[in-house]
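Trainee: Below you will find the structure I want to go over with you.
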Amino acid sequence: MRLVECVPNFSEGRDRGIIDAIAAAIGDVEGATVLDVDPGAGANRTVVTFVARPESAVEAGFRAIRTAAERIDMRRHKGEHPRLGATDVFPFVPVSGVKMAECVALARALGQCVAAELGIPVYLYEHAATRPERRRLADVRAGE
């Protein structure tokens, strides 16, 4: 079976209702399975780990990002380290039968969908970066 792992970070680590809604948005997609939900109150950030078939990963990601954008108010957000928005990062990692190039294509497809359908700016980093100055996540996050 072809699988990718996604490890998105969401800028909410205290409100269990919001955290559960984001995880449910992922788990409701056929072919996606939530493996772990790790909230951190100090950082006010939650890391969700899930695996999905490549064809399900983008839909699960889109639903999670849409849910986060609807429920997290970044104007009131406080946490211990920099973040870019309600969804901070959304990495794709090859697990089984998938190469990094396909994960890059998935990240870019998700970014395009989020930008077009939700009007949220998207910054691609690491392997998916389209500009050299955006390759390092620390450079992308600089200045929040």
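Trainee: Going through A32, A25, A57 one at a time, which residue ends up being surrounded by 21 or more Cβ atoms within 10 Å (Cβ to Cβ), touching a Leu at 6+ places or on another chain (Cβ under 7 Å) and at pLDDT 95 or above? I'd like the intermediate steps shown before the answer.
Mentor: Numbers: A32 fails: touching a Leu at 6+ places or on another chain (Cβ under 7 Å); A25 fails: touching a Leu at 6+ places or on another chain (Cβ under 7 Å).
Selected residue: A57, the only one of A32, A25, A57 that is surrounded by 21 or more Cβ atoms within 10 Å (Cβ to Cβ), touching a Leu at 6+ places or on another chain (Cβ under 7 Å) and at pLDDT 95 or above.
Trainee: Give segment 48-72 a look and list any residue that's among the basic types (K, R) and over 17 Å from M1 (Cβ atoms), or say none. Outline the logic, then answer.
Mentor: Narrowing segment 48-72 to residues among the basic types (K, R): 53, 63, 66, 71.
Passing the criteria: R63, R66, R71.
Trainee: Looking at R16, R71, R45, which one is farther than 23 Å from H127 by Cα, touching a residue at least 12 places away in the same chain (Cβ under 8 Å) and surrounded by 19 or more Cβ atoms within 10 Å (Cβ to Cβ)?
Mentor: Working: R16 fails: surrounded by 19 or more Cβ atoms within 10 Å (Cβ to Cβ); R71 fails: surrounded by 19 or more Cβ atoms within 10 Å (Cβ to Cβ).
On inspection, the qualifying residue turns out to be R45.
The values are calculated or read from the model by the stated rules, or taken from the named source; none is laboratory data. None of these values were measured; they are calculated from a predicted model. Every residue, glycine among them, receives a Cβ derived from its backbone with ideal geometry; neighbour counts consider all protein chains shown.
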